[in-house]
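See structure below.
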Amino acid sequence: MPALLALALAGCAANPPARELAMPRTYAHGIGGATFLIGGTFVPGRSPDGNSLILYGPEGAFLIDSGRHADHLTAIRQGFSGIGMTPMAIVNTHWHLDHASGNPALKAEHPGIKVYGTSAIDAALTGFLANSAEASRKALAEGAIPASAVPDVEGDLATIARGAELRPDVTVREGGDLVIAGRPLSLRVANHAVTESDLWIYDAAEKRAIVGDLVTMPVPFLDTACPEGWLAALDAVAASGTEQVVPGHGPILTMAEFGAWKSAFGDFIACARGTGALETCSAGWLTGAKPFLMGDKRAKGMADYYGELIRSGKLDGYCRA
Ligand SMILES: [Zn+2]
């Protein structure tokens, strides 16, 4: 999730204590198939880290998404040292700062790393991220940011200042099969979904789809999304033959769970695109996505925010080619 919503959330007075959130573990744990998950956290008052994964093959190990905060990066480093390997590549599902901020530090530590990603970061650097940085600097200058959120905002500003270093070494345009670290994978491109162009990874050997923010909890993070393109990308995931889905935020889903999340997402978009009261849309999300809210009491406020964002038409530009 980008910085601006994080600011809005940081201002919420009713943040629940952390113990109420059933958050995934942050340290790397094996999920089968030479794959480790480093669960992202979303602590009240702070901005989130996306999930990261470490995969290894006969020729080495690589990372999918590099998180935002220093403690998440520490967990990634511990994951690699735990298997006695160093990262030789990073695959970024998308450019959001909770998925790509660790890139520069890891590349500095391991100069051989090649980053795979789409070119969507280019437009984001001069558009969304530049605007976000300007708004953040203004809010900081005006003292409008709660003290607890200032380190996150300053961290994002530092990352945006080095934004060019988030750009991929290998730009993925079409997707397709490739081999990283001796391990065959299929990279799938979803255009006009969470961002202008997202990647998701299908690991056919494990029948596992690693989908980045095409699935997020406790709500879909729609800040830079084309809602209809996102829905089409979920259809592609459903048709891939996968037997499990690793979201960008939240625990691993069975296909029945993925179907329920997708259905709640589709209903939320249709409702927000309609003309009825927006509260109905949030209420529908809270009911349909109940198993995925993880007890997070922020879900309603966030669903209200994103429903309004869809209804306002502000996201429609993300649907244009
Ligand atoms: Zn994310």
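Got a number for carbon plus sulfur as a percent of the chain's accessible area, 1.4 Å probe?
That share works out to 56 percent.
Could you give me the ³J(HN,Hα) list for the range 180-190, computed from phi with Karplus coefficients 6.51, -1.76, 1.60 and θ = phi - 60°, whole Hz, x at Gly and Pro?
These are the phi-based 3J(HN,Hα) values: 10, 6, x, 10, x, 9, 10, 8, 10, 9, 10 Hz.
Restricting to DSSP H runs of at least four residues, report the calculated mean residue ellipticity at 222 nm for the chain, -39500 (n - 2.57) per run over all residues, nearest 500 deg cm²/dmol. Don't skip to the answer; put the middle values down first.
Values: 11 runs with 120 residues, N = 321.
One gets -11500 deg cm²/dmol as the mean residue ellipticity at 222 nm.
Averaging the inverse of every distinct alpha carbon separation and then flipping it gives the Kirkwood radius. What is it for the range 22-165, in angstrom units?
On the way: mean 1/r = 0.0632 Å⁻¹.
That comes to 15.8 Å for the range 22-165.
With every protein chain present, what is the per residue accessible area of the chain (1.4 Å probe, Å²)?
On the way: 12660 Å² over 321 residues.
Here the per-residue accessible area is 39 Å².
Let me understand the range 174-321 better: what is its radius of gyration from the alpha carbons, and its Dmax, in angstrom?
15.3, 52
Please identify every one of the trypsin sites (Lys or Arg not before Pro) in the range 64-116 that sits in a loop by DSSP and has no more than 15 other beta carbons within 10 Å of its own beta carbon. If you can, show how the numbers build up before the last one.
Values: sites: ARG68, ARG77, LYS107, LYS114; in loops: ARG68.
Nothing satisfies the criteria.
Please report Rg (one decimal) and Dmax (integer) in Å for the Cα set of the range 37-108.
Using the Cα atoms of the range 37-108, the pair Rg, Dmax is 11.6, 41 Å.
Less than 25 Å apart at the alpha-carbon level, and either on another chain or at least 8 residues along: which lysines does that give for LYS138?
List returned: LYS314.
Suppose we keep just the alpha-carbon trace of the chain; what are its Rg and Dmax in angstrom?
Just the Cα atoms of the chain yield Rg and Dmax of 18.3, 56 Å.
Pulled fully out, how much extra length does the chain show between VAL179 and LYS207, if you take 0.36 nm times their separation in residues and subtract their Cα-Cα distance? Each step should come with its number before you reach the end.
On the way: separation 28, 0.36 × 28 = 10.08 nm, distance 1.63 nm.
Net length gain for the segment: 8.5 nm.
Could you give log10 I(q)/I(0) at q = 0.16 Å⁻¹ for the range 116-157, computed by the Debye formula over C-alpha point scatterers of equal weight, without solvent?
-0.48
The values are calculated or read from the model by the stated rules, or taken from the named source; none is laboratory data. These numbers were taken from a predicted model, which means no experiment stands behind them. Here Cβ is always computed from backbone atoms with ideal geometry, including for glycine, and neighbour counts include all displayed protein chains. The area values use the complete protein model at the heavy-atom level, side chains included, leaving out ligands, DNA and RNA. Shrake-Rupley method; radii C 1.70, N 1.55, O 1.52, S 1.80 Å.
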